[in-house]
1. Hey, what does the equivalent ellipsoid look like for segment B:48-191, semi-axes from the Cα gyration tensor as sqrt of 5 times each eigenvalue, largest first, whole Å?
2. Among A:327/B:29; A:292/B:248; B:180/B:207, which pairs are too far apart, with a Cα-Cα distance over 19 Å?
3. I'd like to know which of A:218, A:304, A:290 lies farthest towards the positive end of the charge dipole of chain A, counting +1 on Cβ of Lys and Arg and -1 on Cβ of Asp and Glu.
4. Evaluate the relative contact order of chain B (contact order divided by residue number), counting alpha-carbon pairs under 8 angstrom at least 6 apart; express in whole percent.
5. What does the helix-only formula give at 222 nm for chain A: each DSSP H stretch with n ≥ 4 adding -39500 (n - 2.57), the total divided by the residues, and the result rounded to the nearest 500 deg cm²/dmol?
6. Taking the Cα centre of the protein assembly as shown as origin, work out the dipole magnitude from +1 charges on Lys and Arg Cβ and -1 charges on Asp and Glu Cβ, in debye rounded to 20.
7. For the pair residue A:179/residue B:209, report the inter-label distance in nm, with labels modelled 7 Å from Cα in the Cβ direction.
8. I want to check the label-to-label distance for residue A:269 and residue A:68. Put each point 7 Å from Cα in the C-beta direction and report it in nm to one decimal.
Amino acid sequence: MELWSISFAYRLGLGFHALNNEGADGSNLMQPRRIDVGQMTYDGISGEIIRRHILENFLDLCRNQNPQIPMLPLSEGLHPDRGPIGIRAAARNDSANPVTLDANNLFTSVRAAIQKCAVLDVGGFLAAWKDAQGKANAGDYVAESNYINRHCAQIGSVDPVKRESCFDVAWLISENPQDLTVTQHSAFRDTASMNSRYAQSMRSNTYGGIIRADLHRIGTDDYWYLQNNQQRLAITGPEQKKRQAALIEAIINFIASPTGAKTAGWAPHVFLTEGAILLTSARTAPFASPIKVDLKDKDAPVQPDPTYTKTMEDLENKTDTWVWKFKDTKDLLAAVAAIKSKL
Amino acid sequence: MSRKKGTVDSESVAPATALPLIWLKAAYKFHTYAYRDPRSAFASAMGSPVVSPTTVLLGIASTLFSLGKESAAKAFLDVANNCRVVVDAPDGIIFFRVFHQLRRYETDKYDKHNPRLGLTNINQGTREYGLVEGQTIIYVGIPEDHAEAAKLALTNLGHLGTRDSMCSLIDSVANCSEPKDVVYMPPEQWKTDIHPGCTAVTLSRFKNTPVTQTLPHWWMAGGNNTEQVPYFIRGRFEGTSKGKIYRKR
């Protein structure tokens, strides 16, 4: 069995951006992610927000393939409850008659959901439904309820099911303390006497990050062993390769053109793209972090690690492990074809 | 059953292993690290510099399942309560708190006809993440028949702690002797042998009873066969205005 896995260690220079503004604290000021070490404040962009944008890239790629890589309707909109709803939709299987999701068809329905939806497959889910379904009469959720009524099975007595995501994203951490915050007002005001309604702080820094995808899990059924004579791979080999390639390209597209929260007015000014990609068919892909921590240095406890690409490169054996370094976006995009040729 | 925090009952002694154990050593590095103290509230999770024995043992089983090795995973879970775990903390960790949108499950608490029962809603909470200096070393004592499977799992372990707490194995998994110098002391040890310069952290571990399934397809820490107890580890915490720093020395 080949254990295809890929890791990305990368540095991004992001100027005047708000990718790290993910929420307000009750005031009308959008708060950036801050990492406080004694007197020093660093800057971080959470892996969760990056994951979201990699998935957006992924579903664009799925949609643009010919033929399309299959997705369920709510996954195509990255609906946050796509897992539970997707499994219920797969259970009903386009039948005009309502079907009840219960212990008899739970695992076959989870398998069908993986087959029908690449987003559920690579993105993972936790379906922790209760054993009763309420009446679909709340105005807040009309669209969702309509979809559920038309396309989803009723919920019977059914256990929670979970699928771990096939890819994980660690934080982007700034290499230098954050001295300056620039505030952007998100609504135009024509008089200086008025307070700004909403404000978000903008940052500039160079960041280091890690992404890893366990490609060998794509298209597999986590519950194959609970079904009679069922193979672990739930889709065909060629379909698995298409999904693997699309996920790799989605990750690369993020690094090449990073987007995140609060980009409506300002795309980040990218002034640095570099790193290393390690692909292996033998094990979970190792990585070297682009940052290093030195607690003895009070003025700079977090620093760039200049050796990280060399460390990644030293792991290459050209038999089952390959490494591609990139120093700019052109190098990075060129790696897509080379990686696909190895799969 | 006793799930009282920080207490040790007669049932909850460290595994009295009947089987001879093979010790394995695996060193990992992180980019960012996150492991939640099991005592802390879901919405304000405190970070711990070492992971718990259940995290390591369930991580081995989970990795074996993800590699398609279900029979090895199930067999390992059958002896997990006989295994021993020692975790050597890294040199230091800077913990930082972040404000998160947390997903919680819709319930029928306020609306008996809630159409979104079982789906998710958003609440706010905080989490502690860590930036790590040095490496975390995991030592696992495993019955001989399961050592090869555990070695495979430790080689392919994707994360220690939460999913975004990815770890990268340094070198390879090696056989070793039982670590005697590492301070990762369960209550049975620190009550008779207190070391200076140590800190107590709450961790979860299996009791002496076999690990049981929560559901036909699910094994979890937190049931009747696990408990939370204070472990002593080497090092100190230093508070900052908005977080904490752990230093081993």
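1. Here the semi-axes work out to 33, 22, 15 Å.
2. Listed pairs above 19 Å: A:327/B:29; B:180/B:207.
3. Positive-most Cα among the choices belongs to A:218.
4. So the answer I get is 33 percent.
5. -9000 deg cm²/dmol
6. 620
7. 6.1
8. Result: 3.9 nm between the two label points.
Laboratory data are not the source of any read-out in this text; all were calculated from the coordinates shown. This structure is a prediction, so every number in the text was calculated from the model and none was measured. Positions of Cβ are backbone-derived with ideal geometry, glycine not excepted, and every protein chain shown enters the neighbour counts.
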